[in-house]
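First the structure, in the form of structure tokens, and then the observations on it.
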Amino acid sequence: MPTLLKIAQIGEPILREPARELSVEELASESTQRFIDDLVATMHDANGAGLAATQVFQPLRICAIEVGDNPRYPYKPKIPLTILVNPILTPLSERTFMNYEGCLSVPDLRGEVRRYAELRVQALDRHGTTIDMEVRGITAGTFQHEVDHLDGKLFVDRVSDTSSLCTWKAFARHREPEFRERVAAIVAEYGS
Ligand code: NI
């Protein structure tokens, strides 16, 4: 049975520390594989769209991403469960969009963040197999949010218009209808 891990909240120093890469041997170890199981279970338990190792107090370059029927983000396009180890993101163009983000490490706050719309993703999966793929649109925003965690960055660092900051309740009341329309336009343009 996986163990649910404690999620670090903003102010914990670990959230500000760049995480370190893993060797293929370390990735294959029983303890790392068990850790990945725990990371995924914790993400599911918290209804996260992603969870990075630094958010559960492990300074390793591992993050999990998955979007199914998520009550926190009902408008997000689905993403199958993806484990990224030692990820590198490279923008494929200068095109960007404004994403409305939240984070399990930043309780009850959302804000608008500019994200690249098209990315190349290079990483290892949990078995050490090479991942080399492209992601676009809202999904690209989710990938950038998670990999930011591995560099000690939180979405609040990238909020340039602080008047966009709001609680989840205020988001639902004042921002969500407009943002859902924007998401639909981004999905129509980029396919996700
Ligand atoms: Ni986050």
Candidate set: region 15-33, residues that are touching a residue at least 12 places away in the same chain (Cβ under 8 Å) and surrounded by fewer than 17 Cβ atoms within 10 Å (Cβ to Cβ); chosen: the one nearest to Leu150 (Cα to Cα): Pro18
Top-ranked residue in region 72-94 [being touching an Asp or Glu at 6+ places or on another chain (Cβ under 6 Å) and of a type outside the set (A, V, I, L, M); ranked as nearest to the ligand (Cβ to nearest atom)]: Asn86
Residue within region 77-88 that is of a type in the set (Ser, Thr, Tyr) and over 13 Å from the mean Cα position of the chain (by Cα) present: no
Residue satisfying all of: in region 52-102; acidic (Asp, Glu) and more than 13 Å from Thr142 (Cα to Cα); modelled with the lowest pLDDT among these: Asp69
Whichever residue in region 39-55 is surrounded by fewer than 22 Cβ atoms within 10 Å (Cβ to Cβ) and in a helix (DSSP H, G or I) and, among such residues, is nearest to the ligand (Cβ to nearest atom): Thr42
Near pairs, Cβ below 9 angstrom, 6+ apart or cross-chain, from region 75-94 (part of a loop (DSSP other than H, G, I, E, B)) to any residue that is of a type in the set (Phe, Trp, Tyr) and buried (at least 19 other Cβ atoms within 10 Å of the Cβ): Leu92/Tyr116; Ser93/Tyr116; Glu94/Tyr116
Output for region 128-153, where each listed residue is away from the ligand (no atom under 16 Å from the Cβ), surrounded by fewer than 16 Cβ atoms within 10 Å (Cβ to Cβ), outside any strand (DSSP E or B) and in contact (Cβ under 8 Å) with a residue 24 or more places away in the chain: Gly128
Residues of region 154-168 satisfying the condition of being in a helix (DSSP H, G or I), in contact (Cβ under 8 Å) with a residue 12 or more places away in the chain and away from the ligand (no atom under 11 Å from the Cβ): Arg158, Thr162, Ser164, Trp168
Sole exception among (1) free of Cβ contacts under 8 Å to residues at least 60 places away in the same chain; (2) farther than 15 Å from Thr139 by Cβ; (3) of a type in the set (S, T, N, Q); (4) within 14 Å of the ligand (Cβ to nearest atom) for Ser105, by number: (1)
Check on Val159, under 21 Å from Tyr75 (Cβ atoms), surrounded by 14 or more Cβ atoms within 10 Å (Cβ to Cβ), hydrophobic (A, V, I, L, M, F, W, C) and touching a Gly at 6+ places or on another chain (Cβ under 7 Å): yes
Selection count where residues are within 14 Å of Val135 (Cα to Cα) and loosely packed, with under 15 Cβ neighbours inside 10 Å, scope region 62-80: 2
Selection within region 87-115 - closer than 14 Å to Phe179 by Cβ and surrounded by fewer than 18 Cβ atoms within 10 Å (Cβ to Cβ): Met98
Cβ-Cβ under 6 Å pairs, at least 6 apart or on other chains, region 173-186 side at negative phi, far side surrounded by 15 or more Cβ atoms within 10 Å (Cβ to Cβ) and of a type in the set (Ser, Thr, Tyr): Phe179/Tyr100; Arg180/Tyr75; Val183/Tyr75
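The values are calculated or read from the model by the stated rules, or taken from the named source; none is laboratory data. Small disclaimer: the values here were computed from a predicted structure and weren't measured. When we count neighbours, we look across all protein chains shown, and the Cβ atoms used for this are built from the backbone with ideal geometry, even at glycine.
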